[in-house]
Amino acid sequence: MFSISDYCFVISASSVQEIRSTDSLGGNVVDLDRPVLQKVRHIVERDSRSYYVVSGYEHFHLPLSRPTSVLILRAVPVAVLVDRIEEMAEMRVLLGLPRSFCGEERVWYRGLTVLGRKVVPVADPRGFLTAEELRRLEEENPGLLQTAGHAVGASRHERERV
Amino acid sequence: MNAGTSNLVPAFVVLQVGTRRIALPREGVAELIASPLLFTFPHTTPLIAGVVLRRGRILPVLDLGPGVSGAPSPSTRFFLVVERQISNAPEKCAIPVQGACELVSGIMLPAGDDGGFVAGHLDLNGEQIQVLDLEKAIAISAANKDNWVPELEELS
C-alpha cells in the first residue's frame, strides 16, 4: 500500500521491481529534453535499465504533494513518485470498478479491494503511462529511454565539469 | 420508507437531495440503507462521490445534489439504492439523501418536451414534487458539471 496526498492505493507486489527513497536516486536522474506530459519530466536509470519518472500526484490529479519514495515497476518502463509506503498487505479480493465510473480511473485502476474494512483502489501498473503516452514520449525524446544509461554517465560528467 | 400505496396507481419514492424534495419511480428503487462510511479515491467521473460497502458489495455513490440543488449534497449516513442500466446491464448505485424517504402513490402529470430531466410532476396534498428521469438527470448534470446551478424551479 502506498499513499499520495490524502489517498491510499494498492499495487501488487509482483509488479514492483524496487522501492527507493527519492533521496537515493541522486545522479541517476536525467531531465527529459521535451517533457510532453506534465506528469513526466525525468528518466531514472537503475541497473542498466531506464524508467520514465511519473509524478503520482499529477497522474491522479491530486494537489501538490511531497514524494519521498519511488516505486520502480517491473514490466513497464515506469517509476512512480509516491508520498509514502504504508504497509504490505494481503489482497484477498479484486472487485471490478463499478461501471458508473467512466473516466480516467478505468485506465488507472485494475479494480477495487477491501483491506481492513476500507475500500482501496488497486493501481494498474500499465495505467501510469498508456501505450499512447509512451509513444508520445518516445516520439518527442527519440532513443532517450534506451540511451539514458549513457546519458546518466554523461550528465554526471557534465556536473563534475561544472 | 413509509408504506401506504395502492397497487392500482403508480408508486414513487420521495427523497430529499440537499434542499430539494424530488421523486423517483418506485420500480427503480431497491432500498434505503444507512452506511457509516463513504470511501473516496481519485477519479474523474462527474457526480460520483465515492463508494459505500453494502453486504460485501461495492456501490458507487451518485450525488444528484449538483444537478438538482446546485451544490454537492451535505454529508449523510443515508443512501437510497437505485438500479441503473449501464451498457444494457443493471448496476446498483447509492444516492445520498437527507432525512427519511417516503413511498407515495399518485398520478404523474408529464412534463413538456423541454422538461429537461424532469419527467413529470406529482401533487402531494398541494405540494408539487418533480419526478426525475434519473438517466437524463445524470447525463445533463454531468454535461453541465462546470456550470452547476439550480436547474429546477421551486413549484410549491
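No value in this document is a laboratory result; all are computed from the given coordinates. Owing to the predicted nature of the structure, the values given are computational and were not obtained by experimental measurement. Cβ placement follows ideal geometry from the backbone for every residue including glycine, while neighbour counts extend to all protein chains displayed.
Kirkwood-type hydrodynamic radius, chain B: 15.9 Å, calculated from all non-identical alpha-carbon pairs.
What stretch of chain B, leaving out the sites themselves, is the longest with no GluC sites (Glu not before Pro) in a DSSP loop having at most 13 other Cβ atoms within 10 Å? Kindly include the intermediate steps, with their values, before the conclusion.
Values: sites that count: B:Glu153, B:Glu154.
Here the longest run is B:1-152.
With unit charges on the beta carbon (Lys/Arg positive, Asp/Glu negative), name the residue among A:Leu95, A:Val76, A:Tyr52 whose Cα is farthest towards the positive pole of the charge dipole of the stretch A:2-161. After comparing all options, I get A:Leu95.
Translational diffusion coefficient, Stokes-Einstein: compute it for the stretch A:1-93 using the Kirkwood radius over C-alpha pairs as Rh, at 10 °C and 1.306 mPa s, and state it as an integer in µm² s⁻¹. Approximately 117 µm²/s, per Stokes-Einstein. Remark: chain B carries a charge dipole of roughly 740 debye about the Cα centre, counting +1 on each Lys and Arg Cβ and -1 on each Asp and Glu Cβ. Positive-end ranking of B:Ser141, B:Thr40, B:Ala89 along the dipole of chain B, with charges on Cβ about the Cα centre, is headed by B:Thr40. When +1 charges are put on Lys and Arg Cβ atoms and -1 charges on Asp and Glu Cβ atoms, the dipole computed for the stretch B:101-141 relative to its Cα centre reaches about 60 debye. Two numbers describe the Cα atoms of the stretch A:2-161: Rg and Dmax, which are 16.2, 56 Å. Positive end of the dipole of the protein assembly as shown (Cβ unit charges, origin at the Cα centre): among B:Val104, A:Pro121, B:Ser75, the Cα lying farthest that way belongs to A:Pro121. The HN-Hα couplings worked out from phi for the stretch B:28-40 by the Karplus form 6.51 cos²θ - 1.76 cosθ + 1.60 (θ = phi - 60°) are x, 9, 9, 6, 10, 10, 10, 9, x, 10, 9, 9, 10 Hz, whole numbers, x standing for Gly and Pro.
With +1 on each Lys and Arg Cβ and -1 on each Asp and Glu Cβ, and nothing else charged, work out how big the dipole of the stretch A:33-143 is about its Cα centre, in Debye to the nearest 20. Could you put the intermediate results ahead of the total?
Details: 17 positive and 16 negative charges, 74 e Å.
Magnitude of the dipole: close to 360 debye.
For chain A, averaging the sequence separation of C-alpha pairs within contact (under 8 Å, six or more residues apart) and dividing by the residue count gives a relative contact order of 27 percent.
Per the Cauchy relation, a quarter of the hull surface: what is the mean projected area of the convex hull of the alpha carbons in the stretch A:1-44, in nm²?
Values: hull surface 17.3 nm².
In nm², the orientation-averaged hull projection of the stretch A:1-44 is 4.3.
Direction-averaged projected area, Cα convex hull, the protein assembly as shown: 19.8 nm², rounded to one decimal.
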